[in-house]
1. Return the residues of region A:70-91 that are within 13 Å of DNA strand D (Cβ to nearest atom) and more than 16 Å from A:Leu106 (Cβ to Cβ); say none if nothing qualifies.
2. Kindly indicate whether A:Val127 is within 11 Å of DNA strand D (Cβ to nearest atom), at pLDDT 95 or above and of a type in the set (Val, Ile, Thr).
3. Hey, could you check region A:94-124 for residues that are within 16 Å of DNA strand D (Cβ to nearest atom) and among the acidic types (Asp, Glu) and say which is nearest to the other protein chains (Cβ to nearest Cβ)?
4. So A:Asp52 ticks every box in (1) more than 9 Å from every other protein chain (Cβ to nearest Cβ); (2) at pLDDT 90 or above but one. Which box is left unticked?
5. Exactly one of these conditions fails for B:Gln29: (1) away from chain A (no Cβ under 12 Å); (2) within 26 Å of B:Ala111 (Cβ to Cβ); (3) of a type outside the set (A, V, I, L, M). Give me its number.
6. For residues that are surrounded by 11 or more Cβ atoms within 10 Å (Cβ to Cβ) and among the polar types (S, T, N, Q), scanning just region B:66-99, find the one that is farthest from DNA strand C (Cβ to nearest atom).
7. Given A:Ser57, A:Ser133, A:Ser118, which one is free of Cβ contacts under 8 Å to residues at least 12 places away in the same chain, within 20 Å of B:Gln29 (Cβ to Cβ) and polar (S, T, N, Q)?
8. Of all residues in region A:104-129, which are outside any helix (DSSP H, G or I) and touching a Phe, Trp or Tyr at 6+ places or on another chain (Cβ under 9 Å)?
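The values are calculated or read from the model by the stated rules, or taken from the named source; none is laboratory data. Treat the numbers as computed from the prediction; the structure is a model and nothing was measured. Note that each Cβ is placed from the backbone with ideal geometry, even for glycine, and that neighbours are counted across all protein chains shown.
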2 protein chains.
Amino acid sequence: MLPLSPDATPGRRQSTAAIKEALRDLRIQLSLLNHQVGTHLDLNDVDLDFLDVINRSGPLSPGALARRAGFHPATMTGILDRLERGGWVARERDPSDRRAVVVRALRNRNAEVMRLYSGMNSAIDNVCAEYTSAELKVLADFLRRTAKAGIRAADELAGGAR
Amino acid sequence: MLPLSPDATPGRRQSTAAIKEALRDLRIQLSLLNHQVGTHLDLNDVDLDFLDVINRSGPLSPGALARRAGFHPATMTGILDRLERGGWVARERDPSDRRAVVVRALRNRNAEVMRLYSGMNSAIDNVCAEYTSAELKVLADFLRRTAKAGIRAADELAGGAR
DNA sequence: AACATATCATACGGAATCCAAAACACAAGA
DNA sequence: TCTTGTGTTTTGGATTCCGTATGATATGTT
């Protein structure tokens with residue numbers, strides 16, 4: 001906190017700190033939104049998280065899912081049981097390795113989820129409408145990089161390379 | 001979906017969609033990171049969330065915390081019990097209204113938390129280092145607006161104006 | 001002083017999570 | 001081929017956590 005800025009860019013440190021603060025807030029708010037959506041779908045918070053992961057990261061094995069989140073395999077079995085009972089995912093045996101299981105997302109009930117997220121969806125549209133096309137590209141790039149950084153940081157805590 | 005872009009800004013729709021995708025990923029990754037941090041601190045996911053809220057939003061009453069997150073007051077009691085047992089927070093009686101309780105965050109163990117988040121912290125620093133000061137301001141502003149949008153969207157699902 | 005209101009803690013039933021071990025499939029060696 | 005060893009997922013039991021209902025304490029009002 002010197003009176004003179006060190007490299008003639010006075011706002012950098014403050015802006016970086018502001019970004020971190022905003023990211024903390026954003027995470028909490030999005031988790032809260034997630035909780036509300038899950039409540040409307042009779043779905044657990046964690047279950048909805050994993051449904052999202054399965055929907056976007058393609059078919060995955062239970063073990064891979066558990067490792068990715070740092071959960072015990074038995075816990076994953078329970079989560080998948082609930083998701084399967086609700087018709088959200090299907091378990092199939094891997095033909096090439098029949099001891100393995102592949103979890104596939106069913107898209108039947110996707111409309112329900114989209115409807116619940118529609119409020120946030122259009123809110124983001126409104127926010128984005130106030131930025132130029134170039135700014136939007138910068139924003140998307142930043143978010144992707146930050147998400148990648150989150151993956152690495154979580155993996156490190158999960159036990160190094162592992 | 002006309003072949004001609006409507007307002008001479010061809011990338012807008014794609015960039016907005018990319019931002020939504022990245023936000024979904026970011027939320028999941030930050031939640032998983034949160035889970036890993038909580039595991040290392042012998043702390044529940046929800047408990048860590050509320051510790052964060054208490055740390056940043058100053059001393060608060062248990063009821064206010066419960067309303068803010070849509071939890072039942074009794075659940076909040078359990079969360080605060082665990083946080084207090086671990087030496088994270090302290091319950092004090094409000095001098096001005098002695099039936100009320102204020103929860104204050106103790107900073108003793110803050111270093112442990114910071115150490116666990118240090119990987120993500122420096123990763124964000126590295127990402128931010130690649131942007132200009134003006135871009136950083138745009139980013140911080142966008143994140144704040146998006147967080148606000150998340151609050152409104154969650155409130156709507158919680159039961160309209162309420 | 002007594003009633004109504006508000007806030008937080010306790011008690012208990014139901015659910016989720018974790019640990020250990022089993023069930024099953026694959027791969028390698030005698 | 002049969003056996004042994006490794007990897008993946010599921011089961012059973014014990015523990016812990018979340019949510020509804022009830023109780024205790026303090027305040028404000030008539």
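1. A:Phe71, A:His72, A:Pro73, A:Ala74, A:Thr75, A:Met76, A:Thr77, A:Gly78
2. When the stated conditions are applied, A:Val127 does not pass them.
3. Here the answer is A:Asp94.
4. Every condition holds for A:Asp52 apart from (1).
5. Here B:Gln29 meets the rest and fails (1).
6. Taking the candidates together, the pick is B:Thr75.
7. Result of the check over A:Ser57, A:Ser133, A:Ser118: A:Ser57.
8. Result: A:Ala105, A:Leu106, A:Asn108, A:Arg109.
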